[in-house]
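For reference, the structure discussed in these notes is given below.
The values are calculated or read from the model by the stated rules, or taken from the named source; none is laboratory data. What you see is a predicted model, and the numbers here were worked out from it, not measured in a lab. Positions of Cβ are generated from backbone atoms using ideal geometry, with glycine treated the same way; all protein chains shown enter the neighbour counts.
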């Protein structure tokens, strides 16, 4: 399979770390145009003419109704005659007033029904698509994940002396360690995390909080924690081996807001995840967090609830250890091999369907 990736840059505050000057696949640099307000989503991307004119067999796009380039590719399908696959959630939680949400859902369902195949992140995506009247045979569940096999293997390369050095650096000693990894953005509810930590400081636990990440909330977070002892803002860490050491010295991964793929990252190193069950717009990967098995789902995003749950788990090491074991098992089941296979199966499906038609 020969692949070409069309990609462009982000905007201030939303850049991601580059993998380097050369991608492992062919790539075409395009320009992204963003809506000027709100969440600054992409509404158009250059490169449409090249996608249409060059001899590609299949087009795979993100499942986004606000990107007009996808609608253009769909509308011009009789011209370019290329099957289109969408990859994404397959649904969106209701976070707008009913009439606006229904309008967006109508467009989403129309888009999903119009393409040749859909790759959804999780089983819920499949269920939502089937419920919307989409044929089950054109839906493929990737179980969106990280390269867990690689991440798990890193633990064997880390010496105990390296972890001891890390513990000495942050004065962890026998203190429990809470960890946050992710973008520093409002939907993560980091303010709840800080309030929780302040409550736990008043208990006998005296935990340490490590925060890994960067984003628009960094300056306000720095101002808030500068007088708090045992809170360490580590900034962004992109070296996976260095990040593995941070996970391995931590007891709990605490993300009160949207959890995303970070839960899988924690599971790779046996770190249970604590996040919120209700009142938060969670991403599909939230499904991987099983209550009291590999993590804990707090009913609401309230600091008093979080502090009580964390104290309970840290004071019950047997239960916490069982959750650690389950977390590792979850990571082992979420393989990149399966994810790649589902993408390949979707491509094979649309190619065969194109030949039949």
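Quick notes on this structure:
Residues are listed down the side, and each one gets a yes or a no for (1) in a strand (DSSP E or B); (2) touching a residue at least 24 places away in the same chain (Cβ under 8 Å); (3) closer than 30 Å to residue 278 by Cβ:
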| residue | (1), (2), (3) |
| --- | --- |
| 40 | no, yes, yes |
| 43 | yes, yes, no |
| 61 | yes, yes, no |
| 65 | no, yes, yes |
| 69 | no, yes, no |
| 72 | no, yes, no |
| 78 | no, no, no |
| 94 | no, no, yes |
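- Out of 199, 224, one residue alone is farther than 26 Å from residue 151 by Cβ, surrounded by fewer than 19 Cβ atoms within 10 Å (Cβ to Cβ) and modelled with pLDDT of 95 or more. It is 199.
- Flag if residue 212 is outside the structural domain of residue 244 (by TED's automatic domain parsing), at negative phi and touching a strand residue (DSSP E or B) at 6+ places or on another chain (Cβ under 6 Å): no
- Every listed requirement among (1) assigned to a helix (DSSP H, G or I); (2) under 25 Å from residue 36 (Cα atoms); (3) in contact with a strand residue (DSSP E or B) (Cβ under 7 Å, 6 or more places away or on another chain) is met by residue 103 save one, (3).
- So residue 118, is it at pLDDT 95 or above and in a strand (DSSP E or B): yes
- The range 173-188, subset closer than 23 Å to residue 327 by Cα and touching a residue at least 60 places away in the same chain (Cβ under 8 Å), residue surrounded by the most Cβ atoms within 10 Å (Cβ to Cβ): 178
- First in the range 236-260 and over 27 Å from residue 277 (Cα atoms) and in the same structural domain as residue 153 (by TED's automatic domain parsing), second anywhere and buried (at least 20 other Cβ atoms within 10 Å of the Cβ) and at pLDDT 95 or above, Cβ under 6 Å, 6 or more apart: 237/212
- Test result for residue 204, free of Cβ contacts under 8 Å to residues at least 40 places away in the same chain and surrounded by fewer than 16 Cβ atoms within 10 Å (Cβ to Cβ): yes
- Condition check for residue 293 on (1) in a helix (DSSP H, G or I); (2) out of contact with any strand residue (DSSP E or B) (no Cβ under 7 Å at 6 or more places or on another chain); (3) closer than 22 Å to residue 143 by Cβ: one failure, at (1).
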